[in-house]
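Okay, so here's the structure we're looking at.
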Amino acid sequence: MRQFLKRALQKVEVLKPEQIRNLLGLSAKEIDRLETVMDSLIRGVLVCDTANKLILANKAARRFFSIVSYEQGRETIWSVIPEEPVAEFLAQTLLSTDKAEEREFYVDVNGIQRLLAVSVMPVVQDRQITGSVILIEDITERRNREAMLRRMESLASLTTLAAGVAHEIKNPLGALSIHVQLIQKAMDAQEKLCSALQSTKSQENECEPYKYFRQVDKYIKVINEEIDRLNRIILDFLFAVRPMNVEPRRGSINEFIRELAAFVSFELKEARIECVLNLEENLSAVDFDAALMKQVFLNLIKNASAAMSGGGTLTITTEDAEGEIRITVADTGRGISEEDFPKIFEPYFTTKETGTGLGLTVVFKVVKEHKGDINVKSREGEGTVFTITLPKPQLEQRLIAYKGDK
């Protein structure tokens, strides 16, 4: 068709008005077909001229970047895109006449955070650069699958180490704890003896060991604290890797959350954190293991509290959706950086000085054991939102009765 149009244009001077109208009609149909193809692509496509003015944006690109309208060939491409990081990247790349492949950006698309890969390349026609084309691909699901695969591989490798860790570390720690207690008892007995001797002597003949008892007590206290910390790490490790015995019972998530909020209310108040509950009335009952779900929400609340070191607001919301219920835990803390975001569910990844890096691994595993899903939305400096979805129980379907049945 394009070759036909070219040949026809070469003879336009000798064409009759009716032939010119037919030619314009064919051109319009060809343009409509191309625009339909472009708008059918799941990838976003932006095309700009040599002056970096936007001349084409397909439907996917407009949706990805919330482009409501633009004047064709009048506005630079970076002035049309509201996402500042993407606009700055395009301006820098196009002005320097560079090309780029799959530069990744987190972008809000209809209120949902998506990971987009943006590529920039020149448009070459007759060995001359006539503009640039920008390709945008939503790689959120691909990255989620890759991250899930890494997490499953990490959990599999950790599982093979679990039995050895339990015997090689936990048992010696138990022995250490017992012997520290024996040392403490021996020190207490010596302190009582020294105190008794001191009471029968003058101040000048003070029992020398007595003044070191309190110092030794401090050392023993530190040892006990470190033993307890190591025990907690091992318990978290074993909890994360061993097979879970999920015992779901049908119940009210709203009631469960109210009880949990009351349980942590004092701790949140001490941290100057306001807890807000937005619980949908008449929420459908779901099947869940209360003990395991308590571990999930305590971990999320603990992380939210750590992110709001100066105080803030913790909001827990429930919502009844088709086939599932949604629970969101939102904080107004420091948020998660783009660099850390893909790794938050991976074992041993932590940004805390004293964290084990297994809290969110446990959260992920428990939710998956409930046949649910968990998603995260976060912006650095603006807070984090965890969304948990749990399936509603499937209602039993009765078989269609035969006509002879009563």
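The values are calculated or read from the model by the stated rules, or taken from the named source; none is laboratory data. None of these values were measured; they are calculated from a predicted model. Virtual Cβ from ideal backbone geometry, glycine too; neighbours counted across all protein chains shown.
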Of all residues making up the range 21-46, the number that are in contact (Cβ under 8 Å) with a residue 60 or more places away in the chain and surrounded by fewer than 18 Cβ atoms within 10 Å (Cβ to Cβ): 3
Report whether or not ARG242 is at pLDDT 70 or above and under 32 Å from the mean Cα position of the chain (by Cα). no
Residue in the range 54-70 that is in a loop (DSSP other than H, G, I, E, B), touching a Pro at 6+ places or on another chain (Cβ under 9 Å), in contact (Cβ under 8 Å) with a residue 12 or more places away in the chain and β-branched (Val, Ile, Thr) present: yes
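Listed here are the residues, each with its yes/no results for (1) surrounded by fewer than 18 Cβ atoms within 10 Å (Cβ to Cβ); (2) of a type in the set (Ser, Thr, Tyr); (3) in contact with a helix residue (DSSP H, G or I) (Cβ under 9 Å, 6 or more places away or on another chain); (4) not assigned by TED's automatic domain parsing to the domain that holds THR332.
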| residue | (1), (2), (3), (4) |
| --- | --- |
| ILE223 | yes, no, yes, yes |
| LEU235 | yes, no, yes, yes |
| ASP287 | yes, no, no, no |
| ASN299 | no, no, yes, no |
Cβ-Cβ below 8 Å, separation at least six or inter-chain, first residue in the range 365-388 and closer than 14 Å to ALA304 by Cβ and in contact (Cβ under 8 Å) with a residue 60 or more places away in the chain, second of a type in the set (S, T, N, Q) and in a loop (DSSP other than H, G, I, E, B): which pairs? GLY383/THR332
Suppose we filter ILE327, ILE316 for residues that are buried (at least 16 other Cβ atoms within 10 Å of the Cβ) and within 15 Å of the chain's Cα centre (by Cα); which single one remains? ILE327
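Only residues that are among the polar types (S, T, N, Q) and in contact (Cβ under 8 Å) with a residue 40 or more places away in the chain: list them for the range 250-294, please.
If the condition is that a residue be among the polar types (S, T, N, Q) and in contact (Cβ under 8 Å) with a residue 40 or more places away in the chain, then ASN254, ASN278, SER284 are the ones that fit.
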